[in-house]
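Report on one structure; see the data block that follows.
The values are calculated or read from the model by the stated rules, or taken from the named source; none is laboratory data. These numbers come from a predicted model, not from an experiment. We place every Cβ from the backbone using ideal geometry, glycine too, and count neighbours over all the protein chains shown. To get the accessible areas, we keep the full protein, side chains included, count just its heavy atoms, and leave off ligands, DNA and RNA. Shrake-Rupley method; radii C 1.70, N 1.55, O 1.52, S 1.80 Å.
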Amino acid sequence: CIRDSLLWAMNSLHSVFGSYAASIIVLTLLIKSALWPIQNKATNEMRKMAALGPKMTELREKLKDDPQKMNEEVMKLYKEYGVNPLSGCFPMLIQIPIFFGFYAMLGTAIELRNSSFFWIQDLSQPDTVGHLLGFPINLLPIVMAGTMVWQMAITPKSGDAMQQRIFYFMPIIFLVFCYNYASGLALYWTTQNIFSIVQLYLTRN
């Protein structure tokens, strides 16, 4: 299963680097590198969708009283310009099982206990740096959510309202998932966000 494969890969990398934090980072980079072609294709499709934005708006305004006709014309537009409206979701759909694989693996990996990284004392625990009114301040999940917002800001807007609404909620969902969990999980997702940001700048330029 994904969990066991990730655990084996992490331990194998640890034997090379001698650090579980470095192992998580390198494993993340390897996974993202393997997904690079898919991500690039999805980014290009999203750029096409963004370019179709004005035409889509015009069609929706023109045919707002005839939803069936509007849908037919929208599908014709997709076909004419060779656009797959779901392609922007493919990288996320692939990464979600990997995320939950990390979620299952890092929450039970005894190897991470007392493994430190910068201010993090234990990768198997939340990276609490203090408390505010009794509420723990876990820094890495906040950084992770920030990198997700940054990534969303530079990602081409597809023009698909439903997809955009889903994206808007993703930072909150992942922040809730990771906030009181093993900090190794937030380290993984932060690393993959930063890699994606670099990738978007490279493909944009």
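Examine the stretch 125-132 for a residue that is open to solvent by less than 60 Å² (accessible area, probe 1.4 Å) and under 20 Å from Val198 (Cβ atoms), and state whether such a residue exists. No, the stretch 125-132 contains no residue that is open to solvent by less than 60 Å² (accessible area, probe 1.4 Å) and under 20 Å from Val198 (Cβ atoms). Contact annotation: residue pairs with Cβ atoms under 6 Å, 6 or more positions apart or on different chains, pairing a residue in the stretch 141-164 that is closer than 27 Å to Pro126 by Cα and among the hydrophobic types (A, V, I, L, M, F, W, C) with a partner that is in a helix (DSSP H, G or I) and at pLDDT below 85, are Met152/Phe167. Filtered by the rule that a residue be within 21 Å of Ser116 (Cβ to Cβ) and among the polar types (S, T, N, Q), the stretch 3-18 gives Asn11, Ser12, Ser15.
Could you tell me whether any residue of the stretch 135-157 is open to solvent by 40 Å² or more (accessible area, probe 1.4 Å), modelled with pLDDT of 90 or more, farther than 28 Å from Lys48 by Cα and not in a helix (DSSP H, G or I)? Yes: one or more hits. Taking Met105, is it modelled with pLDDT of 75 or more and open to solvent by less than 20 Å² (accessible area, probe 1.4 Å)? For Met105, the condition - modelled with pLDDT of 75 or more and open to solvent by less than 20 Å² (accessible area, probe 1.4 Å) - is met.
Which of the residues spanning the stretch 13-38 are hydroxyl-bearing (Ser, Thr, Tyr), open to solvent by less than 40 Å² (accessible area, probe 1.4 Å) and part of a helix (DSSP H, G or I)? Within the stretch 13-38, Tyr20, Ser23, Thr28 meet the criteria.
Considered as a group, the residues in the stretch 79-88 that are part of a helix (DSSP H, G or I) and open to solvent by 80 Å² or more (accessible area, probe 1.4 Å) include one that is farthest from Phe99 (Cα to Cα), and that residue is Glu80.
Only one of the listed residues (Lys76, Lys64, Lys55) is at pLDDT 75 or above, in contact with a helix residue (DSSP H, G or I) (Cβ under 8 Å, 6 or more places away or on another chain) and open to solvent by 40 Å² or more (accessible area, probe 1.4 Å). That residue is Lys55.
Residues of the stretch 159-176 include none that is in a helix (DSSP H, G or I), of a type in the set (Gly, Ala, Ser) and open to solvent by less than 20 Å² (accessible area, probe 1.4 Å).
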